[in-house]
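Read through the structure below, which is laid out as structure tokens, and then see the notes.
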Amino acid sequence: MERWSNLFENNAIRTGIILTIKDKSKEEILYSLSEVIDQIAIPLENYLSKSDKKEFYNVSVDDTTTFDILIDKSTIKPAIDSSSLKNTIQDYGGILIKIVDNVVDKNITEDFLKSLQKYKKKGNKIGLAMLIGESIAQECYRLANKIKDKTIRENLIFIEKPINNTDYDINSLNNVLT
């Protein structure tokens, strides 16, 4: 039952993101998170209204690992947040996003999964990990399903968002169940 619940929640997030962003810009994706993820909606909206948001973009967690968007306890500025978003993220887990200009393939997926494992090994909790590209190769889904780390496997969402092709959005939504 838990697996079905997780699948439903991930598909709802995936569908919501696809429908709320026009392109794959970091700003649109960041704002869509507050619209789509109920658990963080209000604290994130409040934080974004006071922030320049740059603290969440292109965040390096070590010499070789950078996320296009990272929201976690290390990126939330205390001067802007009165612990509301920080406490919510500590409960929910960090949000880690990689954006790819073209097709997400096996190599990109493997690199992203390694980055998530590095992040987690540093004692960080993962609430949501998203890999966004124009399309997702089918082998990426199989690769993600085989990962042994249950937390990463259950919190990883692939999002297909081609540039300027609204007809394709319906096809992207059809892939939710694959």
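The values are calculated or read from the model by the stated rules, or taken from the named source; none is laboratory data. A quick note: this is a predicted structure, and the numbers were derived from the prediction, not measured. Reconstructed Cβ throughout: ideal geometry from the backbone, glycine too, with neighbour counts over all protein chains shown.
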Query raised in the report: How many residues, within segment 121-152, are assigned to a helix (DSSP H, G or I) and basic (Lys, Arg)?
Result: 4
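Every residue, every condition in (1) surrounded by 13 or more Cβ atoms within 10 Å (Cβ to Cβ); (2) in contact with a helix residue (DSSP H, G or I) (Cβ under 6 Å, 6 or more places away or on another chain); (3) small (Gly, Ala, Ser), yes or no:
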position	(1), (2), (3)
42	yes, no, no
45	yes, yes, no
57	yes, yes, no
71	yes, yes, no
90	yes, no, no
96	yes, no, no
129	yes, yes, yes
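Here's the yes/no breakdown for (1) part of a helix (DSSP H, G or I); (2) modelled with pLDDT of 95 or more; (3) farther than 15 Å from residue 149 by Cα:
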position	(1), (2), (3)
81	no, no, yes
86	yes, no, yes
116	yes, yes, no
119	yes, yes, no
Query raised in the report: Within segment 93-103, is even one residue outside any strand (DSSP E or B) and under 12 Å from the mean Cα position of the chain (by Cα)?
Result: yes
Query raised in the report: Among (1) surrounded by 16 or more Cβ atoms within 10 Å (Cβ to Cβ); (2) in contact (Cβ under 8 Å) with a residue 40 or more places away in the chain; (3) within 16 Å of residue 159 (Cβ to Cβ), where does residue 31 come up short?
Result: (2)
